[in-house]
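Trainee: My questions all concern the structure below.
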Amino acid sequence: MTFRRFQVSKYRNSAGAPLHRQEWYQDVPFPIAAGTESSNGISVSPEYAAVKWAAGGSGVLGLLPLETKAETPTRSLKVHSSGLTDWSFSEFDPSLVVSGHEDGIIKAWKLGETDEQNSEKTSVSGGTWRIEALQLHPTTSNILATSSQKEIKVWDIEAFSSDAVFTLAGHGDLIYSISWRQNGILLASVSKDKTVKLWDPRQGQDSVQSASGHQGLKTSRIHWLGNTPFVLTTGFSKMRERQYALWDSRNMDKPLKMSMVDLSNGVLMPFYDQDTRLIYLVGKGDSSIRSLELEEFNQTPTLTELTPTGTSVSQIGAGLVPKVSLDVMQAEIARMLVVTENAVVPVSYKVPRKHFLDFHADLYPDTKSSVPAQSSKEWLAGQDNLVSLTSLDPSKRSKQSNLDARNQSEQSFGPAPATANKSSSDTLRSTPSVTKLDGAVQSLSVDEGEDTSSKPTPTYAPLPETKNVTNESMPETSKDGIEEETVQVSPERVAAIQARFANKGQSHFKYVSGKPFHPSKHFDDLRALSQSKAGDFDLIQCNPKFIAVALDGPGGRVGIINAQRPARLPIKIPAVVCGSTVVDFKWNPFNMNELVTAGADGSIKRWTIPDGGLEEDLLDASGVLKDSKMDKISLVLFHPLASDLLLSVSADRGVNSIRIFDLKQNECKVHLKGQHKDAISSVAWSPDGKLIATSSKDKRIRLIDPRANKVVGEAAGHDSVRPSRVLWLGNSGFLVSIGFNRASYREIILYDSNDMAACQVAKRNIDISPSTMVPSYDEDTGILFLAGRGDRIIHTFEFARKAEGSPPVIDALPKFEFSSLHQGFAFLPKRVCDVRQVEIARFYRLIANKIEPVGVYVPRSRMEFFQDDIFLPSRVVDEPAIAAKDWLDGHDAEPRYVDLAPADMTPCKLQFEMIGQLIKLVPVSKAPPPPVTVAKKKFEIGKKQVSDEEQQKNIMNKMFATAKALDSDEQEEEKPRDDDSDDDWD
């Protein structure tokens with residue numbers, strides 16, 4: 001028996017959670033750039049967090065004050081004209097920033113009190129290759145290590161020159177990451193040559209230890225675990241699995257432990273807190289932070305996994321906040337700043353305690369101070385002193401620590417000048433409300449498509465009241481007893497009131513959630529689901545009567561399931577057998593009994609399904625569509641309004657073509673070819689059926705008028721050649737494309753169909769994952785649902801206008817997370833939703849062995865009333881609005897809409913009417929006042945009880961007072977007589 005079982009960690013119950021949104025850094029003037037794969041994306045000092053702005057040639061650092069105060073403006077620093085690769089604050093001088101760049105330049109900056117007082121202290125060229133990573137020395141001021149291509153160089157910032165103090169060359173390929181040991185003697189590195197090396201820079205150019213690291217081709221990272229002899233690396237295996245490995249620097253023959261994390265392809269960034277011995281792993285593109293605890297028992301280290309922390313955002317960088325900035329009186333042991341595209345999210349780790357009145361000294365050992373152990377000259381001469389320690393106890397902490405560090409820095413560099421004599425192109429000035437670039441960079445502006453959901457909403461000053469108030473402006477009482485008000489106002493006030501009623505407040509769908517139905521409604525024991533289809537193939541299609549899924553087996557099988565009878569599925573699901581490999585299939589929206597399949601043999605087949613479903617395999621199709629030149633069909637799609645019109649996409653011997661068939665005549669009526677230079681990835685009809693949008697492998701988005709056989713709009717698409725999906729956002733005139741960028745991020749791009757020349761209106765990164773996302777858009781609510789095969793999460797986004805006439809912005813809504821991996825999903829028409837339960841959408845989620853229905857709900861307090869602010873009139877999708885012949889002749893039809901309100905439900909809405917210059921406001925709805933809640937009833941009962949007790953007490957007091965008065969009167973009447981004597985008793 002070992003002693004280990006009796007040792008309990010103080011931090012095993014530590015819990016991390018993002019702070020409230022009010023504590024986030026959201027109002028950033030520019031989007032935040034992700035940085036390189038070797039960069040953490042952020043550096044934190046006790047005063048500022050530095051992130052990379054996506055502006056000014058990507059050479060601009062944004063300085064966010066660590067204490068988030070509304071009156072403190074965001075600062076900025078234009079460090080260089082070329083791209084910024086890595087940057088870091090000095091832990092001994094919070095005003096010193098060093099940065100590396102794509103052109104090999106290394107710079108050191110001194111921050112002043114204002115942006116105008118920032119000054120460049122020194123600059124040197126590190127070579128012709130870009131700086132991949134940099135690390136300041138942990139015990140010595142002004143010593144810097146940088147990696148570039150295959151070399152590591154050590155610099156003395158105090159005496160910057162073109163020659164490095166030490167140059168370490170031994171790697172055979174690009175160096176990804178470097179890390180100092182906390183005593184400052186050894187340096188560790190990891191490279192693309194799949195090796196891990198340890199160096200002693202002062203002992204020579206050769207490495208002192210070397211080992212074979214992670215075998216994957218993607219970026220690896222390395223981090224020395226404080227002053228212990230252990231080193232942690234993260235990387236990928238040959239099978240693209242994310243891994244972390246623990247090494248002993250005294251024996252690098254093999255790792256002490258190598259563990260697989262998951263199959264995601266985002267780089268894992270390691271962080272270590274040497275006071276608590278906790279390791280944090282932050283994956284780029286992930287939405288959670290993993291925690292490990294390093295424990296040493298009998299000199300054998302172990303890594304214990306702790307509870308991961310969800311951040312609910314797509315992470316592109318992270319950094320630990322210095323210990324001196326933690327809220328130690330609330331038992332906060334660590335704080336991580338997580339970087340997203342448009343915000344910085346603080347994630348706080350705390351240890352639960354019974355009370356927070358005193359300083360918990362057992363949680364906070366003395367930590368490193370901000371005073372260096374030696375100067376750069378002393379370290380170069382061979383000294384290896386350790387940094388002194390300081391207490392985190394507020395009663396013992398020196399209030400002058402930051403001032404001492406600043407004074408020490410000024411002794412090395414001299415005081416910062418009052419004003420910086422710099423060219424206007426190198427300065428980034430900010431005002432309390434808007435950050436602007438001076439000089440040549442001043443012409444930059446925020447991209448029109450950037451997410452402005454988190455920016456402050458303009459407030460309207462109160463307008464002067466009009467003097468001409470008529471009798472109509474007096475309050476009226478309606479027949480229902482509801483006060484109405486009619487006011488005559490000026491046109492300016494009309495515009496202001498209309499603006500206040502615009503959709504710029506809180507979203508109705510902020511708390512939307514997806515909940516699977518009861519297991520009795522599931523279709524269990526699904527077998528033979530096709531596993532050979534491409535990632536962009538939809539494995540499931542549905543309508544209110546039937547569900548179709550792609551199955552494995554010869555002849556191209558599509559299983560047909562009766563949606564009205566959820567139960568355990570048979571071993572062999574009845575299917576339509578197409579005779580060749582199925583490449584796509586769709587249900588006819590206007591005939592729920594008709595299924596269309598496209599086969600690899602170049603034919604499109606129509607199948608008629610009986611009302612009760614199939615009892616056995618169906619071999620004979622009810623119709624076949626063929627064209628002598630049609631080959632390699634990839635997609636089929638029905639027209640949204642016209643009956644019997646089917647679109648197909650094919651590659652006819654290298655010619656990418658789109659055909660539109662008339663199903664009544666079984667003929668191709670429209671043939672589009674020559675518009676696409678490469679394979680077509682996706683196609684989508686506009687909701688009015690006039691245009692089609694396409695995305696292709698040539699990275700272009702096109703709008704085509706099929707009846708005119710011409711391209712009416714074209715714009716650049718995603719940077720990656722991987723498949724993308726295009727989708728219209730209802731009748732708004734906007735469309736989105738979901739694909740990949742060069743960094744393998746899945747992303748959303750928003751376009752305006754009326755101005756495709758303006759290219760992208762907005763862009764938003766989602767996460768890093770290899771699977772192609774399947775989109776579905778609910779035009780009634782403006783919610784976009786996205787999910788990829790093999791994911792556990794369904795992402796939801798809302799497209800909303802913040803002001804009248806402005807383009808929609810992409811706002812993230814809550815994600816739906818499930819315990820199992822989904823293989824696809826298919827949405828049902830809105831009319832099947834249970835509006836009484838405020839169910840705004842319903843879909844089937846396909847899993848490897850079952851199909852489960854999922855409802856999407858919005859929580860409301862008064863569900864007995866119809867929520868007509870959510871359930872707008874919905875488009876009729878199962879009845880055609882126009883015949884195929886009429887559409888082909890050039891006629892169009894408007895879609896029809898239906899009211900979803902049940903006859904027995906009362907609408908619950910705010911009435912807002914305008915008659916010319918008169919505005920009629922109904923402050924409440926037709927619904928009666930909300931019922932008395934249980935809590936209010938209890939309060940009234942308690943109040944009544946108190947009143948009764950007081951009343952009874954008053955009555956008793958009066959009775960006692962009356963009785964006392966009577967007693968006093970009787971005593972006065974019974975006074976003793978004077979003539980009585982003792983003789984009478986004889």
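The values are calculated or read from the model by the stated rules, or taken from the named source; none is laboratory data. It should be emphasised that the depicted structure is a prediction, and the values quoted were computed from it without experimental measurement. Glycine gets a Cβ as well: all are built from the backbone with ideal geometry, and neighbour counts include every protein chain shown. All accessible areas refer to the heavy atoms of the entire protein, side chains included, with ligands and DNA or RNA removed. Shrake-Rupley method; radii C 1.70, N 1.55, O 1.52, S 1.80 Å.
Trainee: First select every other residue whose beta carbon is under 12 angstrom from the beta carbon of SER375; then total the charges, Lys and Arg +1, Asp and Glu -1.
Mentor: On the way: positive: LYS377; negative: ASP156, GLU158, GLU378.
Value of the local net charge: -2.
Trainee: Over the Cα atoms, compute the radius of gyration (one decimal) and Dmax (the largest Cα-Cα distance, rounded to a whole number) for the stretch 224-362, in Å.
Mentor: 16.1, 52
Trainee: Leaving out ligands, DNA and RNA, what percent of the accessible area of the stretch 17-367 is carbon and sulfur, probe 1.4 Å? Intermediate results must be reported in sequence, preceding the final value.
Mentor: Working: 5700 of 12260 Å².
Roughly 47 percent of what the probe reaches on the stretch 17-367 is carbon or sulfur.
Trainee: Treating the stretch 680-731 as a set of equal point scatterers at the Cα positions, no solvent, please give the Debye-formula log₁₀ I(q)/I(0) at q = 0.21, 0.27, 0.30 Å⁻¹.
Mentor: Evaluating at q = 0.21, 0.27, 0.30 Å⁻¹ gives log10 I(q)/I(0) of -0.71, -1.05, -1.19.
Trainee: Continuing with this model, one more query. Compute the accessible area per residue over the stretch 17-367, keeping the other protein chains in place, probe 1.4 Å, unit Å².
Mentor: Details: 12260 Å² over 351 residues.
For the stretch 17-367, the per-residue accessible area is 35 Å².
Trainee: Let me ask something else. Quick check: from the Cα gyration tensor, does the stretch 121-207 come out rounded (a/c under 1.5), prolate or oblate?
Mentor: oblate
Trainee: On to the next question. Which of rounded, prolate or oblate describes the stretch 584-625 when judged by the alpha-carbon gyration tensor and an a/c cut-off of 1.5?
Mentor: On the way: a/c = 2.19, a/b = 1.37, b/c = 1.59.
In terms of gyration-tensor shape, oblate.
Trainee: Can I ask one more? Sorting check: for 767-776, 38-47, which peptide has the highest mean count of neighbouring beta carbons within 10 Å, and how do the rest follow?
Mentor: 38-47, 767-776
Trainee: Please sort 646-659, 142-155, 529-542 by packing, taking for each peptide the average over its residues of neighbouring beta carbons within 10 angstrom, highest first. Intermediate results must be reported in sequence, preceding the final value.
Mentor: Numbers: 646-659: 19.8, 142-155: 23.3, 529-542: 17.7.
For the peptides 646-659, 142-155, 529-542, the packing ranking is 142-155, 646-659, 529-542.
Trainee: Continuing with the same structure: Rounded to whole Å, give me the distance from the Cα center of the stretch 163-204 to that of the stretch 327-378.
Mentor: Cα centres, the stretch 163-204 to the stretch 327-378: 29 Å.
Trainee: Could you give each residue of the stretch 183-194 its phi-based ³J(HN,Hα) in whole Hz, using Karplus coefficients 6.51, -1.76, 1.60 with θ = phi - 60°, and x for Gly or Pro?
Mentor: 7, x, 8, 10, 10, 10, 8, 9, 9, 5, 7, 6
Trainee: Mind ordering 520-528, 590-598, 197-205 by average Cβ neighbours within 10 Å, highest first?
Mentor: Values: 520-528: 15.9, 590-598: 21.2, 197-205: 17.4.
Descending mean neighbour count gives 590-598, 197-205, 520-528.
Trainee: Taking the Cα-to-Cβ direction at ARG202 and at GLN837 and moving 7 Å from each Cα, how far apart do the two end points lie in nm?
Mentor: Between ARG202 and GLN837, the simple spin-label model gives 7.1 nm.
Trainee: Please calculate the 1.4 Å probe accessible area of MET260, with all protein chains present, and give it to the nearest 10 Å².
Mentor: Solvent-accessible area, nearest 10 Å²: 100 Å².
Trainee: Still on this structure: Note the per residue figure in Å³ for the convex hull of the C-alpha positions in the stretch 44-145. The partial results should precede the final answer.
Mentor: Numbers: hull volume 9.7 nm³, N = 102.
Looking at the stretch 44-145, the number lands at 95 Å³ per residue.
Trainee: Any chance you could get the radius of gyration and Dmax over the Cα atoms of the stretch 569-725, in Å?
Mentor: 16.4, 50
Trainee: With unit charges on the beta carbons (Lys and Arg positive, Asp and Glu negative) and the dipole taken about the Cα centre of the stretch 17-367, which residue among GLN149, ALA17, GLY126 sits farthest to the positive side?
Mentor: GLN149
Trainee: Could you derive backbone 3J(HN,Hα) for the stretch 280-294 from the dihedral phi with the Karplus parameters 6.51, -1.76 and 1.60 (θ = phi - 60°), listing whole Hz in sequence and x where the residue is Gly or Pro?
Mentor: These are the phi-based 3J(HN,Hα) values: 10, 10, 10, x, 5, x, 7, 10, 8, 10, 8, 10, 10, 10, 8 Hz.
Trainee: Over what distance in Å are the Cα centres of the stretch 228-285 and the stretch 758-821 separated?
Mentor: Each part's Cα centre sits 32 Å from the other's.
Trainee: What are the residues whose amide H is under 5 Å from the amide H of GLN867, where those residues sit 5 or more places off or on another chain and H is modelled from the backbone?
Mentor: none
Trainee: Going through the cross-link list LYS690/LYS710; LYS10/LYS815; LYS629/LYS669; LYS153/LYS254; LYS664/LYS699; LYS632/LYS699, which pairs have a Cα-Cα distance over 24 Å in this structure? Please report the intermediate quantities before stating the final value.
Mentor: On the way: LYS690/LYS710 12 Å; LYS10/LYS815 33 Å; LYS629/LYS669 14 Å; LYS153/LYS254 27 Å; LYS664/LYS699 36 Å; LYS632/LYS699 21 Å.
LYS10/LYS815; LYS153/LYS254; LYS664/LYS699, as the Cα separations exceed 24 Å there.
Trainee: Still on this structure, please answer the following. Answer rounded, prolate or oblate for the stretch 17-367, using the Cα gyration tensor with square roots of eigenvalues a ≥ b ≥ c: rounded when a/c is under 1.5, else prolate when a/b is larger than b/c, else oblate.
Mentor: rounded
Trainee: Something else: Add +1 for every Lys or Arg and -1 for every Asp or Glu among the other residues with Cβ under 13 Å from the Cβ of GLY612, and state the total.
Mentor: So the environment of GLY612 carries a net charge of -1.
Trainee: What list of ³J(HN,Hα) values in whole Hz, one per residue of the stretch 699-708 in order, does the Karplus curve 6.51 cos²θ - 1.76 cosθ + 1.60 (θ = phi - 60°) give from phi, with Gly and Pro shown as x?
Mentor: 6, 10, 10, 10, 10, 10, 8, x, 6, 8
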